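Single-structure report; data block below.
Read the figures in this text as sums done on the coordinates, not as results from a lab. Keep in mind the model is a prediction, meaning the values are calculated, not measured. So basically every Cβ, Gly included, is an ideal-geometry build from the backbone, and we count neighbours across all protein chains shown.
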Amino acid sequence: MASIQSVSRTLRILDTVAANPRGLTLQAIAREVGANVTTVHNFLATLVHEGYLAQGRSRGPYTVGPRLLALADTIGVVHQELTSVALPWIERFRDEVDETLHLSVLVGREATDILFIESSQSVRFTSSVGKRMPLHASAAGKILLAWRTPGDVDGLLDATLPAYTTATVTDRTELDRLLTETRDRGYAVNLGELDPAVRCIAGPIRDREGQVVAALSMSAPVFRFPDDSVHELRDLMARTVQSITDRLRRSTGNHHSEPAVRAGAGGETA
């Protein structure tokens, strides 16, 4: 348990520093991760020694180090294959529904957008590359949790699940039930659990080995995403993620092929 806590604290420190490109002082990092200065200093000293963080001068701010940057570049190459394969299909989905689409992967303990395409409508959900979402309160997060072992899920969730709206599921037993339901039906929904004005639906994208490596999600304002649209959207979502998965499995380096057939007509969301 102590080792798991140490790993978790290390990841939180890296996340905190990475989110502040100008750097953070020891005191600021300790405050952000909720630990005492002495403990955090020991972690920072190790991370600087190993090259994952850098400190330009004594008692100066800590910034991202060369080894972490190299790791990010490596991950970027992997994500580049995924995004280039998925992009034509995601564009086709967006054209069918004119809503915002996101491609998300697990980074640390959060669902993180690596690609998004916005709706053209005046009222729309916006995002950005690198935007992070809690796993238990987002459709993409549920997809990224659903096919993992119970032990993995335990390691990815806090003991107490925070509530973002009155619809957020904060009971672990209920969340486990929803994850089972997600596996059984092949998609996840977020009905105002993160933002009461936004609803989402998401599906799994698998790699060549059949492992879920990403989630494709569609976000829309509540007034354009009524309950009766879920059944039609789930079919379009299923066809799209299956098409991306099939293309990933066949991929041999030519990642820019356009879809040969239409992904299928989606339901109206207005």
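Subtracting the Cα-Cα distance of GLU181 and THR25 from 0.36 nm times their residue separation leaves 51.7 nm of extension gain.
What the Cβ-Cβ distance of ASP15 and ALA163 gives, at R0 = 22 Å and to the nearest 0.05, is a FRET efficiency of 0.55. Across the chain, C-alpha contacts under 8 Å between residues 6 or more apart give a mean separation that, scaled by the residue count, equals a relative contact order of 16 percent.
What angle, in degrees between 0 and 90 and rounded to the nearest 10, separates the Cα long axis of helix 230-250 from the longest principal axis of the Cα atoms of the chain? Helix 230-250 sits at roughly 70 degrees to that axis.
Taking label points 7 Å from Cα along the Cα-to-Cβ direction, LEU191 and ALA35 give a separation of 4.0 nm. Can you classify segment 41-195 as rounded, prolate or oblate using the Cα gyration tensor, where a ≥ b ≥ c are the square roots of its eigenvalues, rounded means a/c under 1.5, and otherwise it's prolate if a/b beats b/c and oblate if not? Because a/c hits 1.5 or more and a/b fails to exceed b/c, segment 41-195 counts as oblate. Note on TRP147 and SER58: with the Förster distance fixed at 51 Å, the Cβ-Cβ geometry gives a FRET efficiency of about 0.60. Name all residues of segment 3-28 having a backbone nitrogen under 20 Å from the label point set 7 Å from the Cα of ASN42 along its Cα→Cβ direction, giving them as ranges. Counting backbone N atoms under 20 Å from the label point, the list is 3-15, 26-28. Tell me whether segment 150-246 comes out rounded, prolate or oblate; compute the Cα gyration tensor, take square roots of the eigenvalues as a ≥ b ≥ c, and use a/c under 1.5 as the rounded threshold. In terms of gyration-tensor shape, oblate. Close amide H partners of VAL107, meaning residues 5 or more places away or on another chain with modelled amide H under 5 Å apart, are THR112.
To the nearest 500 deg cm²/dmol, what mean residue ellipticity at 222 nm is calculated for the chain from DSSP H runs of n ≥ 4 alone, each contributing -39,500 (n - 2.57), summed and divided by the residues?
-14500 deg cm²/dmol
Helix 172-185 and the longest principal axis of the C-alpha atoms of the chain enclose an angle of approximately 40°.
Once fully extended, how much extra length lies between SER122 and PHE223, figured as 0.36 nm per residue of separation less the alpha-carbon to alpha-carbon distance?
Working: separation 101, 0.36 × 101 = 36.36 nm, distance 1.33 nm.
Residue separation times 0.36 nm, minus the Cα-Cα distance, leaves 35.0 nm.
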